[in-house]
Amino acid sequence: MSIPAGAYAQAVARTTVHVCSQCGLQSAQWHGQCPECGEWNTLIEERLGSARAARAKRPRASAESAGGGRGARADGPLPTPVALADVGAAPVARLSTGIGELDRVLGGGLVPGALVLLGGSPGIGKSTLTNMVLAHLQRDGARTLYVSGEESAEQVRLRAERLALGDALGAPAPAGAAGAIPIDTARRHAAAPAPALQVPVLAETDLDVVLDVLAASAPQVCVIDSVQTLRAADMSGAPGSVGQVREVAARVMELAKERAIAVILVGHVTKEGALAGPRVLEHLVDCVLQFEGERERPYRELRALKNRFGSTNEAGLFEMRQGGLVEVLDASARFVAEATRAPGSVVLAAMEGSRPLLVEVQALVAPSELEQPRRVVSGLDRNRLALVLAILGRHGGVRTAGADVFVNVVGGVRLEEPGCDLAVALAVASASRGMPIAAAPRACFGELGLTGELRWVGHPERRLQEAAKHGLAEVIAPPGSGPGAREAATLREALAAALPAGPSGGSRTRRAVPEPTGTALANVEDRRARAGERVLRPAPDPAARDA
Ligand code: TYD
Ligand code: MG
């Protein structure tokens, strides 16, 4: 139902309107299906005559004000654009959260007046992280406020008590110490409340109340947990609906910018982003952080998806323990120590933002019963695996067409950089041949080109340094990586270096294999067949079938 321009519409004093996000239709009522364009679930409630709408109605000349003209009125003098060099850029005084990994991901700490959206699936540790942040800030003398719409104040206190135990004075608990603190320590904390217990908490879901308290108590840092639980009374949608979430964020932002309050908005986002609620805020907020990991495993990764005040390359690694989240400062050491070095395992010298990280990449290749063999990957892009398998088949002589391939980055780490190609290729080759990577310990990195060449990737010196620091002296790397690298120009060279016993499989069959005739790797398939080793059943070639 579109708004009739007649008397009825004027008679009804409405404050909100439902707007179709597809065709822009405005309707007084909510519809599941847009009566205009027929799309489902596209009508979103919006406030009529909001500050945003007022801005939109402002005359063009002032709406486009730039530089020093910020905040100029429509009826005031026309602002003059200012050269960037003349714009005074006051250095941003950031507030350290007391958690190094988080500060790094934020680009150096919280910026007053900035809105940070912390997304993650339920139970991943968002409340724990934000509780810890406020405890640290409280300890450092900052004014804080924790708004909980999800849990009662008692529940928040219970968590804070756990944190106070594991995190006696706010410093990250040393490995193994968490949870081992004796009970009498807890009693001492009860006498002099730990910083985690001094954080003011407000259990409230009414947006107006929250804003009033926020304005009255004027904290420097505020956490709203979660944005989906607050409700603007004058909007009809249920809490967590797109309209409500947008309204809540917009009004919190208005106040936060006005009073220079750094706000962390917690939002539940499933991995697929299915609960689209907080996603609609991404353009609005200054910084979007995603807290990832698997609930069953202890490692948690924090990355910036958007950051107006820093890089989005950074990622922080945490471990969930009994006493809260602990920063994993030397993740490389841990991952290298845990690496199995069995067939199918290879250590990758990766970059996580500006920081090198050694991780183990594992692969399993098994004959498949399926028409379309499985390609299962965790911690990497699935399409990247498909590409690497194609390059391996074409330029490395490792065919996996009839086999299920599983690739996993150990520890639940997610890698999003091109330098992991070579590690995936070597892990798959090693698994497919049942041979461990030669002369382990050894690491690798590099991007694979479509013609089988190994391509240079960023920060080779830092990757090599990190590998050397952890005793992985020889690193297979692309040309131009510098001293300390065992450079390989192509995938074939890298395979020859990593699996030098030849392409014929494990030592079981090596004696039976005749000396290679052509270039070693060109004979991969032939030699396997001649050695009598079971060759993975190749899938029917679709091109041949069609012909
Ligand atoms: P929580 O922070 O409540 O998750 P979210 O706010 O993202 O939904 O905590 C999630 C899990 O962390 C919870 O199942 C219990 C666990 N946990 C610990 O293992 N140690 C701790 O010290 C705390 C506070 C929580
Ligand atoms: Mg929570």
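Read the figures in this text as sums done on the coordinates, not as results from a lab. Given the structure is predicted, the values throughout are model-derived calculations rather than measurements. Quick reminder, even Gly has a Cβ in these numbers, built from the backbone with ideal geometry, and neighbours come from all protein chains shown.
The table that follows gives values for the structure above.
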item	result
Normalised contact order of segment 300-437, rounded percent, pairs of Cα under 8 Å and 6 or more residues apart	28 percent
Calculated diffusion of segment 402-503, Stokes-Einstein form, Kirkwood radius summed over Cα pairs, 20 °C and 1.002 mPa s, µm²/s	154 µm²/s
FRET efficiency for ALA218 and GLU338, using Cβ-Cβ distance with R0 set to 41 Å, rounded to 0.05	0.30
Order of CYS23, CYS222, CYS444, CYS287 - criterion: other Cβ atoms within 10 Å of each residue's Cβ, fewest first	CYS23, CYS287, CYS222, CYS444
Residue order, fewest to most surrounding Cβ atoms within 10 angstrom, among ASP421, ASP86	ASP86, ASP421
DSSP beta bridges in segment 331-498 [antiparallel fraction, %, rounded to 5]	60 percent
Segment 331-498 shape via C-alpha gyration tensor axes, a/c threshold 1.5	prolate
Difference of contour (0.36 nm per residue) and Cα-Cα distance, GLU254 to ASP330	23.4 nm
Leading residue at positive end of dipole, segment 331-498 (Cβ point charges), from MET435, LEU448, VAL398	MET435
Distant-in-sequence amide H partners of LEU118 (H built 1.01 Å from N, under 5 Å)	LEU265, VAL266, GLY267, LEU289
Percent of Cα-Cα distances greater than 18 Å, calculated over segment 298-354	49 percent
³J(HN,Hα), Karplus 6.51/-1.76/1.60, whole Hz, each residue of segment 126-141, x for Gly, Pro	5, 5, 4, 4, 5, 4, 5, 4, 5, 4, 5, 5, 4, 4, 7, x
Amide hydrogen neighbours beyond the local backbone of GLU352, cut-off 5 Å, H modeled	LEU357
Under 5 Å, built H, 5+ apart or other chain: amide partners of ARG414	none
